[in-house]
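One structure is given below, encoded as structure tokens.
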Amino acid sequence: MQKTNQAWGLRALRGIALATTALFVFTGSGSAQDLKPVKVVFIQHCCSGATFFQPMQFGAEEAARLFQVDLNYVNADGDAARAANLIETAIADKADAVLPTITVPDALDAAIQKARDAGLVVIAQNIDDPEGAAGNARQAFIGQDFIASGNIIGKRMVDEHGLKEGDHCLLPVEFPELTYAVERAQGVQEALTAAGVTSDVIGTGTVDGEALNTISQAILANPNITCVIGLGQTPTNVAVAAAEEAGRPGIPNGGFDTGADIIPHIIDGSTTATMDQQPFWQGFLPVMFAAYAVRYGLTPPDIDTGNNLIDQSNADLAKDHTGTYR
């Protein structure tokens, strides 16, 4: 019931957004001249050019158009100190809201508290503080429940491939030290450990070619590896090719996110499934909530955008909208 309500809630939010926009257009009561200006700074935490962030930026820009928001979409280039400085800049520039990613626990605490003290709306997106609202002054979080989603894909791999005691899974991820990687690994390993399956995490970075080489070398070095579960888009995207390069084609694999090769591999059966955290919502919803918080004092809510498993039963729809809504 919880998953059903969550899915319905997200569809309803988009329906409300579109209906509200239509009202603005056709009645004139919400024209650009009548709306209070809202200035929002959206901070993408890293990886310029990475395909994962395309739907996120697309969503943020779509919401900015729909709700007449002055959006400044910036990139912290994987540097938590730079992200903190971008928050400070947003405060100095008299922004109404700032939407950061909390990649490193405590690194943004002071800057976010300063933003809240200055009256800015602060909504975290993509990655939250591990302690949630108890660990940071952000007002809401829009993103995936990493532990729950990790558990889902871990159980799917165990059930579908009959993984058992003596099997060993490789868990490659772009940045093993970041919160998303730690919590996804925790969720996956809970499922694997319950089945007696061992695992280890390795770092790959975000460049496909480098990740492919890292994973293939790990498979070559350990013939006991019987599955690969990528904890991020990059390793999941290259897992099939890495197994082939290592001379072990057909190793069961699955993972997280959508990408240029992930969905086609699911469709052709070479990848089992992937957990879609729906980055479009992670861009669209924070901008929408910020606009309504600034204009009308509405409190932004936490929204779990993830735990949506894509397999052969629903991969075609994801393929049709890759890079925009998916």
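The values are calculated or read from the model by the stated rules, or taken from the named source; none is laboratory data. This is a predicted model, so every value here is computed, not measured. Quick reminder, even Gly has a Cβ in these numbers, built from the backbone with ideal geometry, and neighbours come from all protein chains shown. Accessible surface is based on the protein model in full, side chains and every heavy atom, while ligands, DNA and RNA are left aside. Shrake-Rupley method; radii C 1.70, N 1.55, O 1.52, S 1.80 Å.
Overview of results
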quantity	calculated
Under the span-like rule (Cα at least 24 Å along the axis, Kyte-Doolittle mean at least 0.5), DSSP H helices of the chain	279-296
Accessible area of segment 146-276 belonging to carbon and sulfur atoms, whole % at 1.4 Å probe	52
Protection proxy ranking of 297-304, 279-286, 163-170, 93-100 - average other beta-carbon atoms within 10 Å, highest first	279-286, 93-100, 163-170, 297-304
√(5λ) per eigenvalue of the Cα gyration tensor, the chain, largest first, Å	37, 21, 17
Estimated dipole of segment 111-171 in Debye, rounded to 20 [Cβ of Lys and Arg +1, of Asp and Glu -1, Cα centre]	240
Distance (nanometres) between label positions extended 7 Å along Cα→Cβ at LYS94 and THR324	3.7
The chain: antiparallel DSSP beta bridges as a percent of all, rounded to 5	10
Whole-number accessible area per residue in Å² for the chain, which is evaluated in the context of all protein chains at 1.4 Å	42
Charged-residue dipole, Cβ positions (Lys, Arg, Asp, Glu), the chain about Cα centre, Debye nearest 20	960
Within a Gaussian network of the chain (alpha carbon springs, distance under 10 Å), most fluctuating of GLY205, GLY187, GLY269	GLY269
Label-point gap, in nm, between GLN113 and SER48 - each point 7 angstrom along Cα→Cβ	3.3
ILE267-GLU160 FRET efficiency (beta carbon distance; Förster radius 22 Å; 0.05 resolution)	0.85
Computed [θ] at 222 nm, deg cm²/dmol, the chain (DSSP H ≥ 4; -39,500 (n - 2.57); rounded to nearest 500)	-15000 deg cm²/dmol
